[in-house]
Amino acid sequence: MKEKTFESALKDLEVMIKDLESGTIPLEDAITKYTDAMNLVKFCQEKLDHATKQVSKILGENGEIKDFQTTDEEV
Amino acid sequence: MNEKYLSITEINQMIKMMFDNAPFLKKVYLKGEISNFKHHTSGHLYLTLKDDDSKISAIMFRSAAESLSFVPEDGMNVLVTGRISVYPNGGNYQIYIDKMEQDGLGNLYIEFEKLKQKLQKEGLFDPKYKKEIPKYPMKIGIVTAPTGAAIKDIISTIRRRFPICKTLLFPALVQGVSAKDDIAKKIRMAQDYDLDLLIVGRGGGSIEDLWAFNEEVVARAIFDSKIPVISAVGHEVDVTIADFVADKRAPTPTGAAEMAVPTIQEVKTILKTKELEISKLLERKLSESANTLKKLSSSYVLKNPLVLYETKIQKLDSIHENLRKSIDLFLENKKKSLEHLKSSYILQNPSSLYEKKIENFETLKILLHKNFESILVKKEHDLQFTIQTLKLVNPLSILEKGYSFVKKDGQFVTDSSKINVKDELEITFFKGNAKVEVKEIN
């Protein structure tokens, strides 16, 4: 299975909030949804916090991918 | 000294006449670049036309300038028609422009419009084909030149706003004859790199510099892209075919990067808001449930369990009452019936009962007698019939027809395998019987 993307995690969150907002779901489900939602929040938070600055890459002549620095950029 | 001195005005007039009389100066066609352009408040245009080595002053009167289809500016290459004459007051010759158009642009513009209409007809600009730009792309491909401001702007903007996003540059020639094919090729290559988004573009330049982005191969590569494409060509004012085909058009490369990614703070805030929202929603759900529970537990019935019985008691009472009434009624009716019976004729005249019975008895006696006789006759008849039937099924009556039966030791013999040679058998005929000895068995 493909790793959950940030985008889809946020989308899932939206859906869960809508469900919770509707107020029609049973209390047990609400609690499960809440737990799931909090896990998603944690997942997103971690993605945002723990990711280091990504180095830009460039596709080389022979199809190899190398680091790429634009001129006057700090190394 | 009899030399004749001419005034400046005179000489300039003479020179002007010379110019004006020269047929080839009456109508000249020039091409050059505009510089020192000045639009005078009078409406006349003053400018210098130049090429690499020379220049000539030029004026375009308001009447001629009004028919211009573009706004001239310094650096523009133009084609002009006009006459050359002298401005006596300044002592300089200049071209009086009748007509001016942009050099080369005319053709480019026609090409642009033709391609635009063709692709529009084919539906390449149709909004229904526009893909949604992902809100949080994690991997962005960039098709542009590896050097220059554009790539620098894009990368630095993405890093600043959303540093967790990966960027992969597909270096492409962005001007010159090979540019269109190279850009198209890189867009197609990018399809294999699992990208969320593709930025295709270049920094500002002349319309010729940007021309690759007006080419059909580039337009088709963008249209065929499975990855959403943001186009970012030149400056705000530059609109290319690529912009029409792209899923979104950015005014500049920096603008493209800003469209492509949110700022990380923004996302963190959104996330925080969502977290609060979810907690609040759950709290609300819990308190709602608690409230409902409270309301139910404080309901009148639960607080006053007796009311549950009260109605039942009342109901029981009323049923009881009804029951009593109906029993009374029942007894009353029975009593009435009894009274009625008591007063009936038969009870009052019991002898009438006997009289009637005796009469019936006599009639029955006669009837019985009659029936008995007819039964006797019938029984007699039945008996005779039975005797006949019995005669027919009597085994002796079969012997009478010539059949016999065989016994061995008093047992009927029905199977020759049960007897042996020399056995003594007894045969019974219709009349009499005989003892015989078995000779042979088949």
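Throughout, read-outs are computed from the coordinates displayed, never taken from laboratory work. Since this is a predicted model, take the numbers as computed values, not measurements. Quick reminder, even Gly has a Cβ in these numbers, built from the backbone with ideal geometry, and neighbours come from all protein chains shown.
Partner chain Cβ atoms within 10 Å, averaged over the residues of B:80-93 - can you pull that number for me? If you can, show how the numbers build up before the last one.
Numbers: counts 0, 0, 0, 0, 0, 0, 0, 0, 0, 0, 0, 0, 0, 0.
The mean count of partner-chain Cβ atoms within 10 Å per residue comes to 0.
Give the relative contact order (percent, whole number) for the range B:8-103; include only Cα pairs under 8 Å separated by 6+ residues.
Working: 195 pairs, mean separation 30.7, N = 96.
So the answer I get is 32 percent.
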**Item:** Alpha carbon centroid spacing (whole Å) that separates the range B:1-79 from the range B:118-181
**Value:** 46
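Distance cut-off 27 Å, Cα to Cα: go down the list B:Lys50/B:Lys180; B:Lys27/B:Lys116; B:Lys26/B:Lys50 and report the pairs above it.
Numbers: B:Lys50/B:Lys180 31 Å; B:Lys27/B:Lys116 37 Å; B:Lys26/B:Lys50 20 Å.
Cα-Cα > 27 Å for B:Lys50/B:Lys180; B:Lys27/B:Lys116; rest within.
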**Prompt:** Any idea how far apart B:Thr81 and B:Ser156 come out in nm if each label point goes 7 Å out from Cα toward Cβ?
**Reply:** 4.9
**Asked** Say we join alpha carbon atoms closer than 10 Å with springs in a Gaussian network model of chain B; which of B:Leu353, B:Leu198, B:Leu45 then has the biggest fluctuation?
**Response** B:Leu353
**Asked** From the Cα gyration tensor of the range B:113-226, with a ≥ b ≥ c the square roots of its eigenvalues, which class applies: rounded if a/c is under 1.5, or else prolate if a/b is larger than b/c, or else oblate?
**Response** oblate
**Message:** What distance in nm lies between label points placed 7 Å from Cα along the C-beta direction at B:Asp103 and B:Leu338?
**Reply:** 14.2
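Between B:Ser352 and B:Glu321, take the C-beta separation as r, use R0 = 60 Å, and let me know the FRET efficiency to the nearest 0.05.
Details: r = 46 Å, r/R0 = 0.77.
Computed FRET efficiency for B:Ser352 and B:Glu321: 0.85.
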**Request:** Stick to the Cα atoms of the protein assembly as shown, pair each with every other, and give me the Kirkwood hydrodynamic radius in Å at one decimal.
**Result:** 37.4
**Request:** With r as the distance between the Cβ atoms of A:Lys42 and B:Glu132 and R0 = 30 Å, compute the FRET efficiency 1/(1 + (r/R0)^6) and round to 0.05.
**Result:** 0.65
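Please give the per residue volume of the convex hull enclosing the alpha carbon atoms of the range A:6-67, rounded to a whole number of Å³. Write out the running numbers ahead of the final one.
Details: hull volume 6.0 nm³, N = 62.
Hull volume over Cα atoms, normalised by residue count, gives 97 Å³.
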**Message:** Once you keep just the Cα pairs under 8 angstrom separated by 6 or more residues, what percentage relative contact order results for the range B:394-442?
**Reply:** 35
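Take the Cα radius of gyration of the range B:394-442 and divide it by 2.2 N^0.38 Å, with N its residue count; two decimals is plenty.
On the way: Rg = 11.4 Å, N = 49, 2.2 N^0.38 = 9.7 Å.
Here the answer is 1.18, to two decimals.
Give me the percent of Cα-Cα pairs in the range B:1-139 that sit more than 20 Å apart, rounded to a whole number. Each step should come with its number before you reach the end.
Details: 5959 of 9591 pairs.
Roughly 62 percent, once rounded to a whole number.
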**Item:** Centre separation in Å (Cα based) which lies between the range B:245-270 and the range B:343-422
**Value:** 118
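Quote the relative contact order of chain B in percent (integer), defining contacts as alpha-carbon pairs under 8 Å separated by 6+ residues.
Working: 582 pairs, mean separation 36.3, N = 442.
Relative contact order here is 8 percent.
Using just the helices of chain B, give the 222 nm mean residue ellipticity in deg cm²/dmol: DSSP H runs with n ≥ 4 each add -39,500 (n - 2.57), and the total is spread over all residues, rounded to 500. Each step should come with its number before you reach the end.
Details: 14 runs with 210 residues, N = 442.
Computed ellipticity for chain B at 222 nm equals -15500 deg cm²/dmol.
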**Request:** Distance from a point 7 Å along Cα→Cβ of B:Leu286 to each backbone N in the range A:30-44: keep the residues under 11 Å and list them by number.
**Result:** A:31
**Request:** Work out, step by step, the length gained on full extension between B:Asn433 and B:Phe385: first 0.36 nm times the residue separation, then minus their alpha carbon distance; give nm to one decimal.
**Result:** 14.1 nm
**Message:** Need one value for B:151-157: mean number of C-beta atoms belonging to other chains within 10 Å of its residues' C-beta atoms.
**Reply:** 3
**Prompt:** Taking the C-alpha atoms of chain B, how large are the radius of gyration and the largest Cα-Cα span, Dmax, in Å?
**Reply:** 65.5, 210
**Item:** Equivalent ellipsoid semi-axes - Cα gyration tensor, the range B:54-115, angstrom
**Value:** 28, 12, 9
**Request:** Among the trypsin sites (Lys or Arg not before Pro) in the range B:19-61, which ones are in a DSSP loop with at most 15 other Cβ atoms within 10 Å of the Cβ? Mind listing them?
**Result:** B:Lys26, B:Lys27
**Asked** If you count, for every residue in B:168-178, the Cβ atoms of partner chains within 10 Å of its Cβ, what is the mean?
**Response** 2
**Request:** Would you count, across the range B:350-434, every pair of lysines whose alpha carbons are under 23 angstrom apart, provided the pair is eight or more residues apart or spans two chains?
**Result:** 19
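Suppose R0 equals 25 Å. What FRET efficiency, 1/(1 + (r/R0)^6) with r the Cβ-Cβ distance, do B:Ser206 and B:Tyr29 give to the nearest 0.05? Numbers along the way, then the final one.
On the way: r = 23 Å, r/R0 = 0.93.
So the FRET efficiency works out to roughly 0.60.
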**Fill in**
Label model pair B:His235, B:Leu368: point-to-point distance (7 angstrom along the Cα→beta-carbon line) in nm is 14.3
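Ranked highest first by average number of other Cβ atoms within 10 Å, how do B:134-142, B:270-278, B:9-17, B:319-327 line up?
Details: B:134-142: 22.8, B:270-278: 15.8, B:9-17: 13.8, B:319-327: 10.0.
Answer by packing, highest mean first, reads B:134-142, B:270-278, B:9-17, B:319-327.
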**Asked** Put +1 on the Cβ of every Lys and Arg and -1 on every Asp and Glu Cβ in chain B; which of B:Ser85, B:Leu338, B:Pro137 then has its Cα farthest towards the positive end of the dipole?
**Response** B:Leu338
